[in-house]
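Once you've had a glance at the structure underneath, I'll fire off some questions.
The values are calculated or read from the model by the stated rules, or taken from the named source; none is laboratory data. Every value quoted in this text rests on a predicted model; they were computed, and no experiment measured them. Note that we place each Cβ from the backbone using ideal geometry, even for glycine, and neighbour counts take in every protein chain shown. Areas reflect the complete protein model, heavy atoms only, side chains present, ligands, DNA and RNA absent. Shrake-Rupley method; radii C 1.70, N 1.55, O 1.52, S 1.80 Å.
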Amino acid sequence: MNVSHPDGSTTPGISPGGVEGVRSLPDVSYFLERYDVDGVEGALARLFEVDVEARPTFSASWVAPVPPRGATLVETYRVGDSEVRLYELPEAAALYFVVPSEYQLPIHHLKLIHLAREQLRRMPPGFVDLRKPGEIRAYIAKIGERLMYAIAKERGIQIGRDRAGEVATIRRLAEILAKYTAGLGIIEILLNDPNVEDVFVDAPAGRTAVYVTIAAREAGHQRCVTNISLTEEDREALLARFRFESGRPFSEAMPVLETNLEAFRARVTVVGRPLSPEGLAMALRRHSPDPWTLPRMIRAGSLTPLAAGLLSFLIDGRSTILIAGSRGAGKSSLLGALLFEFSRNQRILTIEDTLELPGPQLQDLGYKVQSLYIESALGGKGEMSAEEALRVCLRLGESAIVLGEVRGQEARTLYEAMRAGTAGSAVLGTIHGNTSTTVYERIVHDLGIPPMAFSATDIVVIAGLARPGGTERSARRVTEVTELAKSRGPGHFDPLLGYRPETDALEPTEVFRRSSERVLSIARGWGLTYEEALENIEARTEIRRRIVDAATRHQRDDLLNAAWVAETNSRYASLVEDGLRGIGLVEEWTDWFSKAM
């Protein structure tokens with residue numbers, strides 16, 4: 001066992017059969033100062049009660065086995081075979097506490113993994129496709145099973161009461177071996193937790209705990225510190241895997257690496273020296289495994305039923321929509337949700353560098369979607385630029401074009417096509433900016449798009465992060481839906497919906513109720529009056545309200561998922577084709593929905 005002291009020194013100890021042991025971070029004076037304890041004996045008791053970290057020898061990651069004093073347990077749940085506990089702390093930060101199952105193994109099982117790992121290191125590589133990380137992991141698990149079974153028999157290590165028990169134990173231990181050899185180690189627990197949205201690993205190694213952003217049980221999102229610390233060895237191993245999977249360089253000359261982790265539906269960014277003077281730092285952003293839909297966003301409080309009804313109407317009216325906001329505000333989630341508002345007959349072309357949009361799910365549900373994967377902002381091997389991909393899209397025929405992010409030269413190509421009428425039936429995209437005016441200034445002044453060309457934009461939606469009551473929890477909200485007031489010249493916007501912090505909701509403006517240029521334009525194209533267009537929006541609003549109410553009342557979260565939304569939207573469209581409108585349409589749809597549900 002090795003004990004690590006506050007000054008950085010390490011005291012050798014005992015390593016009992018594959019267990020690295022524990023290390024203590026603070027000294028006694030730290031505990032006397034921090035905790036309400038009496039004397040040195042009390043401080044020493046607290047030392048071994050809380051701020052102690054442990055790890056088995058097959059892992060380089062330290063984990064605190066008990067929470068600090070004052071932590072209040074809020075919730076416990078499982079991620080795979082590991083346990084996660086959420087605590088409230090006396091300080092502002094919350095605690096995301098992981099109890100890894102592999103750290104709780106019996107000593108003889110830890111020893112078995114340790115011995116197999118040492119033998120594996122000495123073995124020559126087998127016949128496996130080194131270009132496929134999944135095959136490498138499966139190969140290591142397979143070899144690990146044979147090694148551990150042989151070692152257990154040779155050394156008389158108990159692995160099960162009968163043959164079935166032995167097989168189950170060996171398979172589990174082999175998976176752990178592969179996880180910490182060819183996988184991401186303890187980070188996999190975080191990436192497999194559907195509640196985790198971001199994982200942050202700051203420099204320097206060993207002195208900063210990993211922290212995460214989670215989707216809080218109540219409305220909002222919360223930053224939590226974890227009980228996990230990654231060593232420099234850990235970070236270097238993760239970097240090696242990211243470089244291997246991406247095929248991209250990383251060095252002092254190129255100290256930034258971005259890549260997708262397809263197995264975990266996550267995007268990783270790594271920075272190193274000299275950009276990060278204290279060593280490697282990482283951010284891993286998880287993409288939701290279940291696509292967002294407008295009803296699901298209503299349930300989460302991100303937007304109101306009226307906002308969802310209006311956005312559905314605008315999509316159906318083939319509008320050009322830019323979704324703006326800061327990082328983490330939910331731009332991509334909203335963009336993905338809007339794709340389910342297209343008709344299944346509408347061809348959709350998506351262009352993105354992070355593969356966050358739900359292209360495969362849309363295809364599975366019968367939508368006509370073609371995804372184009374482009375190079376990241378840092379470049380990539382064998383990938384097209386956004387501008388090149390956009391030019392390809394313009395040659396692929398009439399389609400809705402969806403840009404994961406508008407940020408460079410592709411903006412000029414896009415606006416040229418929109419002005420010429422060759423950009424397809426609808427255009428959607430995300431862009432960084434906190435207001436409609438900011439979006440206009442960025443596109444016109446930063447990206448060099450002529451003001452008159454910008455008039456091809458119809459709608460700007462602002463996604464923001466609210467802090468209800470000034471709390472530490474951030475809540476994703478659509479804070480503004482504006483239209484470009486084209487009759488008043490370039491750069492003028494009229495709000496259709498505005499966010500009110502007092503009610504925590506988007507509320508309609510007089511412009512929306514009486515004189516929206518975009519609503520009127522769509523109405524004329526459909527042969528409707530303005531009042532009939534508002535009636536159409538209200539019908540869409542009421543349908544989405546009833547979906548969310550039914551999901552809440554019957555505890556049926558599945559009613560908010562993509563498959564149900566696709567079906568409910570298709571039923572609405574068929575009723576419109578039958579000539580139904582207004583309340584009659586809503587009641588007919590509700591009757592169908594009740595039977596289908």
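Of the DSSP beta bridges with both residues in the chain, give the percent that are antiparallel, rounding to the nearest 5.
70
So, one more: How far apart, in nanometres, would the label points at Thr208 and Ser288 be if each is projected 7 angstrom from Cα along the Cα-to-Cβ direction?
2.9
Just need the relative contact order of region 324-403 here, percent rounded to a whole number, with Cα pairs under 8 Å and 6+ apart.
32
While we're looking at this one, here's another question. Note the full-extension length gain between Gln555 and Glu507 as 0.36 nm times their separation in residues minus their Cα-Cα distance, in nm to one decimal.
Additional length available on full extension: 14.5 nm.
Show that you can apply the helix-only estimate: for the chain, add -39,500 (n - 2.57) for every DSSP H stretch of four or more residues, divide by all residues, and state [θ] at 222 nm to the nearest 500.
-12000 deg cm²/dmol
Now for a different question. Counting other C-beta atoms within 10 Å, and keeping those with at most 12, which DSSP coil trypsin sites (Lys or Arg not before Pro) do you find in region 272-362?
Sites meeting the loop and neighbour criteria: Arg327.
To continue, here is another question. I want to check the label-to-label distance for Phe244 and Arg581. Put each point 7 Å from Cα in the C-beta direction and report it in nm to one decimal.
6.3
Shape call for region 484-597 from the C-alpha gyration tensor, a ≥ b ≥ c root eigenvalues: rounded (a/c under 1.5), prolate (a/b greater than b/c) or oblate?
oblate
Over the chain, what is the relative contact order in whole percent, taking alpha-carbon pairs under 8 Å and six or more residues apart?
The normalised contact order for the chain reaches 9 percent.
In region 142-278, carbon and sulfur make up what percent of the accessible area (probe 1.4 Å)?
50
Using a basic spin-label model with each label point 7 Å from the Cα along Cα→Cβ, how many nm lie between Met597 and Arg419?
Reported label-point gap for Met597 and Arg419 is 4.9 nm.
So for region 451-597, averaging the separation of alpha carbon pairs under 8 Å that are six or more residues apart and normalising by length, what relative contact order in percent results?
13
OK, next. Per residue, how many Å² of accessible area does the chain show with a 1.4 Å probe?
45
Also: Would you please put 583-590, 225-232 in order of how densely packed they are, using the mean number of other Cβ atoms within 10 angstrom per residue and starting with the highest?
Ranked by mean Cβ neighbours within 10 Å, highest first: 225-232, 583-590.
Would you please state which residues of region 147-181 a label at Gln119 would reach in this model, taking the label point 7 Å out along Cα→Cβ and a backbone N cut-off of under 13 Å?
Residues passing the 13 Å test: 147-157, 174.
Out of the total accessible area of region 456-597 (probe 1.4 Å, heavy atoms of protein only), what percent is carbon and sulfur?
The nonpolar share, carbon plus sulfur, comes to 49 percent.
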